[in-house]
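The values are calculated or read from the model by the stated rules, or taken from the named source; none is laboratory data. Since the structure is predicted, the reported quantities are computational estimates derived from the model, not experimental observations. Cβ placement follows ideal geometry from the backbone for every residue including glycine, while neighbour counts extend to all protein chains displayed. In case anyone asks, the SASA skips ligands and DNA or RNA and just uses the protein heavy atoms, side chains included. Shrake-Rupley method; radii C 1.70, N 1.55, O 1.52, S 1.80 Å.
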Amino acid sequence: IGSYFSVHSVALIGRALQIADQKLAGMTRYDGTPLVMHSVNTAHIVISEIGLGRNSTISTILHDVVRMGMMKIEEAGALFGEECIPILKGLCNISDVNTKESEEQADNFRDLIVSYSTDPRVILIKLADRLEVMRTRGMFPDDKRRKKSWESLNLYAQIAHKLGLYSIKSELEDIALSHLEPKDYR
């Protein structure tokens, strides 16, 4: 983090990590790794692969904490700056959308993501979040892996393409196709 941000920003991001680590303590992912590692890995993508700043990084780290009701959005804003509030609201709104595997739903979902994202950083963070999920897809049960692969291929990869994020688009497609169409992928 120190190579990307000022000393002040590093301290704020460190504080967000401490809060996330405390609030998510004892919670694990499917493979037994601490849940907070999803936030850490996603923040790493947000910083190093997408190039977003401090407020996006803090919002990424606190997203699961806020989404699970362990911290209010306003608390995060008071601690880390009002700029985090619309990012966190957008991330939580998108997380609440339930997707179904149909082309009509895919179009609606892409439209919802855009409409919920008054701040373009929200879309970029959601792409980073999905990329992290797909990179660790092996931990998920087969039905969840299939659903996440379908969403990645039909929703997130298309959004990445529209935004000109071709490396993210390609990686999402490659990972999704390797699970959905293994023969064609090979």
Query raised in the report: Is at least one residue of segment 38-53 of a type in the set (A, V, I, L, M, F, W, C) and touching a Cys at 6+ places or on another chain (Cβ under 7 Å)?
Result: no
Query raised in the report: Quick check, is Ser117 modelled with pLDDT of 95 or more, closer than 18 Å to Val46 by Cα and open to solvent by less than 60 Å² (accessible area, probe 1.4 Å)?
Result: no
Query raised in the report: Of the numbered conditions (1) farther than 23 Å from Leu165 by Cβ; (2) open to solvent by 60 Å² or more (accessible area, probe 1.4 Å), Tyr4 satisfies every one except a single condition; which is it?
Result: (1)
Query raised in the report: Taking segment 145-169 only, how many residues are under 19 Å from Thr42 (Cα atoms), open to solvent by 50 Å² or more (accessible area, probe 1.4 Å) and either within 15 Å of the chain's Cα centre (by Cα) or not aromatic (Phe, Trp, Tyr) (or both)?
Result: 3
Report summary line: Residues in segment 8-31 that are free of Cβ contacts under 8 Å to residues at least 40 places away in the same chain and either open to solvent by 50 Å² or more (accessible area, probe 1.4 Å) or in contact with a Gly (Cβ under 7 Å, 6 or more places away or on another chain) (or both) total 10
Query - Identity of the residue in segment 65-96, within 13 Å of Asn55 (Cα to Cα) and assigned to a loop (DSSP other than H, G, I, E, B), that ends up least open to solvent (accessible area, probe 1.4 Å) - result: Gly81
